[in-house]
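One structure, as structure tokens, below. Some questions next.
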Amino acid sequence: MDDPSREPADTNYALKLNMLRDFHTGIYDNTTMVSVFSRSSNFEPVKVSFSSAEWCGHVYNELLFHQDEVEDRFYSYFENESGTRSFPRIRSGIVEDNLFILLRGLRHEFLPAGEERSYPFLPGTFHRRLTHGSLDWTQARIQRLENPERIQVPAGTFSAIVYVIRTDEGREGRFHIEEAYPHRIVR
């Protein structure tokens, strides 16, 4: 059992986010889970874990964010995929798996309306698995659209702040964040 009073210097208060995806590939079902642990004081990632289960086997990936490096532990049923390595941590960088926390702006706006910035970008663990690629820093542009959009989803109709993320590898994604606090992700 965890007891933070036994090791107070090693204790972090964290916001945890779980993202589950179940999908059919046409041949078999695939189930994945990403867990993001972000330090609650500044929302920096502390740990990201990823797991995948499908008919071939299991995969587990863990990223540990130390002061100056990221420790990448990868375990796979494929013979040559498993291993541990470290690479430099870029303090100004954005971790894709942590976007679901950062863009909510729980303490302050991530970007002012109409603004766009480029960031060092670490692609997500889910993306890494689908591409069977290595995990290295790239670049991404994050734009907050000038005006909120009114969107309808099964949970209702919302006024949503829209962020557009474009990665150097050509991916583009949109995040619709509820304009009113607590700024839930609605699409």
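The values are calculated or read from the model by the stated rules, or taken from the named source; none is laboratory data. Quick caveat: nothing in here was measured; it's all calculated off a predicted structure. Note: ideal-geometry Cβ built from the backbone for every residue, glycine included; neighbour counts use all protein chains shown. Heavy atoms of the whole protein, side chains included, go into the accessibility calculation; ligands, DNA and RNA do not. Shrake-Rupley method; radii C 1.70, N 1.55, O 1.52, S 1.80 Å.
Of all the residues that make up segment 8-45, how many are among the charged types (D, E, K, R) and under 19 Å from Phe65 (Cα atoms)? Show your work before the answer.
Initial filter on segment 8-45 (among the charged types (D, E, K, R)): 10, 16, 21-22, 29, 39, 44.
From what is left, the residues that are under 19 Å from Phe65 (Cα atoms) are 10, 16, 39, 44.
Residues meeting the conditions: 4.
Would you be able to say whether some residue in segment 87-97 is closer than 30 Å to Ala180 by Cβ and of a type in the set (A, V, I, L, M, F, W, C)? Walk me through it before giving the result.
Narrowing segment 87-97 to residues closer than 30 Å to Ala180 by Cβ: 92-97.
Okay, now just the ones that are also of a type in the set (A, V, I, L, M, F, W, C), so 94-95.
For segment 87-97, residues closer than 30 Å to Ala180 by Cβ and of a type in the set (A, V, I, L, M, F, W, C): present.
Does any residue in segment 16-41 that is closer than 30 Å to His108 by Cβ come within less than 6 Å, Cβ to Cβ, of a residue that is open to solvent by 70 Å² or more (accessible area, probe 1.4 Å) and modelled with pLDDT under 90 six or more places away or on a different chain, and which pairs are these?
Arg39/Asn12; Ser40/Tyr13
Is there a residue in segment 66-89 that is aliphatic (A, V, I, L, M) and free of Cβ contacts under 8 Å to residues at least 40 places away in the same chain? I'd like the intermediate steps shown before the answer.
Let us first name the residues in segment 66-89 that are aliphatic (A, V, I, L, M), namely 70.
Subsequent filtering for residues that are free of Cβ contacts under 8 Å to residues at least 40 places away in the same chain retains none.
No, segment 66-89 contains no residue that is aliphatic (A, V, I, L, M) and free of Cβ contacts under 8 Å to residues at least 40 places away in the same chain.
Also, quick follow-up: Can you tell me which residues in segment 48-68 are touching a Leu at 6+ places or on another chain (Cβ under 9 Å) and closer than 16 Å to Asp136 by Cα?
Scanning segment 48-68 gives Val48, Asn61, Leu63.
Continuing with this model, one more query. Hey, among the residues in segment 134-163 that are over 15 Å from the mean Cα position of the chain (by Cα) and open to solvent by less than 30 Å² (accessible area, probe 1.4 Å), which one's farthest from Glu115 (Cα to Cα)?
Here the residue is Gly156.
What residue, among those in segment 35-70 that are among the charged types (D, E, K, R), under 18 Å from His127 (Cα atoms) and modelled with pLDDT of 95 or more, is farthest from the chain's Cα centre (by Cα)? Please lay out each step first, then the result.
From segment 35-70, those among the charged types (D, E, K, R) are 39, 44, 47, 54, 62, 68-69; that's our starting set.
Then keep just the ones that are under 18 Å from His127 (Cα atoms); that gives 47, 54, 62.
With the extra rule that they be modelled with pLDDT of 95 or more, the set shrinks to 47, 62.
Values: Lys47: 10, Glu62: 13 Å.
Per the stated criteria, the residue is Glu62.
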